[in-house]
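No lab work stands behind these numbers, since they all come straight from the coordinates. Owing to the predicted nature of the structure, the values given are computational and were not obtained by experimental measurement. Neighbour counts run over all protein chains shown; Cβ positions are idealised from the backbone, glycine included.
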Amino acid sequence: MALSVRQFPCLSDNYGFLIRDEASGLVACVDTPDAEAIERELAAAGWTLSMVLNTHWHPDHAGGNAVLKARTGAEVVGPQEVERIAAPDRVVAHGDVVTLGETRLDVLDTGGHTLGHVSYFDAADQIAFVGDTLFALGCGRLFEGTARQMWDSLQRIAALPGPTTVYCAHEYTASNARFALSVDSSPDLKARTEAIFEARARGEPTVPTTISLELATNPFLRAPLLRPDLSDPSEAFRAVRAAKDSFVG
Ligand code: ZN
Ligand code: FE
């Protein structure tokens with residue numbers, strides 16, 4: 001594989017990601033939940049940071065930008081909205097390409113959780129970093145965007161190749177699983193949730209996931225099937241999202 005990924009826990013339930021283009025040795029981090037944790041991970045790997053890739057402006061994703069930039073000189077790349085925290089050195093939007101050595105990352109508009117949220121997709125390695133848009137068995141809350149915008153964003157992610165490894169920014173899977181079981185009785189979901197509860201009991205991460213796995217079991221991607229009474233897929237999605245927002249379980 002041309003791109004190595006190191007995933008590590010940050011804050012209470014975020015994941016940090018360091019990525020290294022093996023051909024050039026260039027290293028980036030995806031989001032900056034915790035500058036100290038990222039610096040510890042860089043030191044443990046013996047890697048030098050040259051780029052920060054932000055998915056969206058929330059402090060648990062861009063809050064470490066300034067410290068990391070000051071300490072490493074890394075170029076900060078992200079959507080315009082990140083200026084709410086600190087102006088990026090390079091603003092990217094849907095259709096742009098970011099290169100890290102020989103690795104090419106396509107920028108996808110995945111707005112909805114925040115209006116300007118983006119994801120990064122390495123087609124050659126079939127790896128995607130989706131921030132707070134798609135989670136294992138879940139999706140981000142609609143803090144800024146509409147249900148239609150988020151549904152369109154989720155469809156953009158769902159259209160990536162099935163084997164694509166999907167790195168989500170939070171370990172929310174056990175609580176997502178409890179909600180999923182309340183709205184969907186599919187055998188695939190049942191089997192997956194059992195594996196998830198066992199993994200979490202052992203303290204193991206449930207991230208990354210894959211597009212195929214989410215298409216088969218994620219209740220937000222399956223919303224039109226779960227709500228056949230609603231003919232507009234984005235309305236079905238809205239209904240499932242609203243159910244999750246008020247779910248106590
Ligand atoms: Zn967020
Ligand atoms: Fe977040």
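Per residue, the convex hull around the alpha carbon atoms of the range 143-249 comes to 108 Å³.
When the helices of the chain are scored as -39500 (n - 2.57) per DSSP H run of n ≥ 4 and the total is divided over every residue, the value at 222 nm lands at -10000 deg cm²/dmol. Projected label points at Ser212 and Thr48, each 7 Å from Cα along the beta carbon direction, are separated by 4.0 nanometres.
Alpha-carbon geometry of the chain: the Rg and the Dmax are 17.5, 55 Å, given in that order. Sequence-ordered 3J(HN,Hα) estimates for the range 12-25 from the Karplus curve with 6.51, -1.76 and 1.60 and θ = phi - 60° stand at 7, 8, 7, 10, x, 9, 10, 10, 10, 6, 5, 5, 9, x Hz, glycine and proline given as x.
Kirkwood hydrodynamic radius, computed over distinct alpha-carbon pairs, for the range 1-126: how many Å, to one decimal? Provide the component values of the computation, followed by the final result.
Values: mean 1/r = 0.0701 Å⁻¹.
So the Kirkwood estimate lands at 14.3 Å.
Working ranking of peptides 213-226, 236-249, 128-141 by packing, defined as the average number of other Cβ atoms within 10 Å per residue, highest first, is 128-141, 213-226, 236-249.
Classify the range 159-218: rounded, prolate or oblate, from the alpha-carbon gyration tensor (a ≥ b ≥ c, eigenvalue square roots; a/c under 1.5 rounded; otherwise prolate if a/b is larger than b/c)? Working shown, then result.
On the way: a/c = 1.83, a/b = 1.14, b/c = 1.61.
Oblate, since a/c reaches 1.5 and b/c is not below a/b.
Which parts of the range 68-111 would a label at Ala23 reach, counting a residue when its backbone N lies under 18 Å from a point 7 Å out along Cα-to-Cβ? Under cut-off, by backbone N: 97-107.
Could you check what % of the DSSP bridge pairs in the chain are antiparallel, to the nearest 5?
If we restrict to bridges inside the chain, about 70 percent are antiparallel.
What shape does the range 135-174 take by its C-alpha gyration tensor, where a ≥ b ≥ c are the square roots of the eigenvalues and a/c under 1.5 counts as rounded, a/b above b/c as prolate, and the rest as oblate? Oblate is the answer for the range 135-174, as a/c is 1.5 or above yet b/c matches or exceeds a/b.
Placing unit charges on each Cβ (+1 for Lys and Arg, -1 for Asp and Glu) gives the chain a dipole about its Cα centre, and among Ala44, Ser182, Leu105 the Cα reaching farthest toward its positive end belongs to Ser182. Normalised by the number of residues in the chain, the average gap of Cα pairs under 8 Å and 6 or more apart makes the relative contact order 13 percent. Short to long, the 5 Å bins of the Cα pair-distance histogram for the range 97-202 hold 2, 12, 19, 20, 20, 14, 8, 3, 1, 0 percent of all pairs. With each label modelled as a point 7 angstrom along the Cα→C-beta vector, the Arg200-Asp245 pair spans 2.2 nm.
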